[in-house]
1. Considering the stretch 14-37 alone, what residues qualify as being more than 22 Å from LEU70 (Cα to Cα) and loosely packed, with under 10 Cβ neighbours inside 10 Å?
2. Just to check your reading of the model, which residue among LEU58, LEU77, LEU70 is part of a helix (DSSP H, G or I) and touching a residue at least 12 places away in the same chain (Cβ under 8 Å)?
3. Under 6 Å by Cβ, and 6 or more places apart or on different chains, what pairs join a residue from the stretch 14-33 that is part of a loop (DSSP other than H, G, I, E, B) with one that is exposed (fewer than 13 other Cβ atoms within 10 Å of the Cβ)?
Amino acid sequence: MNTAEQQAVWGEPPVQPRRSRVRLDLASDCRREAARQYRRAINGEIKIEDMSRLINALALISRMIEGSSLEDRIAKLEEGSR
């Protein structure tokens with residue numbers, strides 16, 4: 001990717017980063033996105049270090065989703081027992 005510094009050296013316009021809107025509502029969405037980032041790293045589209053950071057963030061999001069869904073299920077069980 002061309003940075004502003006490289007633009008001055010190379011004379012090319014900088015490449016704008018592509019913004020991606022990925023749904024991460026379910027743990028399976030996080031798994032799918034982690035697999036996509038892994039494939040991008042293997043294909044050389046992103047650095048392995050960047051892939052690692054992204055996948056760690058996705059793992060955290062996945063754990064939060066699992067925790068909130070567990071809380072919702074417990075709340076429903078408690079309501080049903082009353």
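Every number in this text was worked out from the coordinates using simple rules, so none of it is lab data. Given the structure is predicted, the values throughout are model-derived calculations rather than measurements. Counting neighbours? That spans all protein chains shown, and the Cβs are built from the backbone with ideal geometry, glycine included.
1. Selection gives GLN16, PRO17, ARG18, ARG19, SER20, ARG21.
2. Values: LEU77 fails: touching a residue at least 12 places away in the same chain (Cβ under 8 Å); LEU70 fails: touching a residue at least 12 places away in the same chain (Cβ under 8 Å).
None of the other options fit; the residue is LEU58.
3. Matching pairs, first to second residue: PRO14/ALA4; VAL15/MET1.
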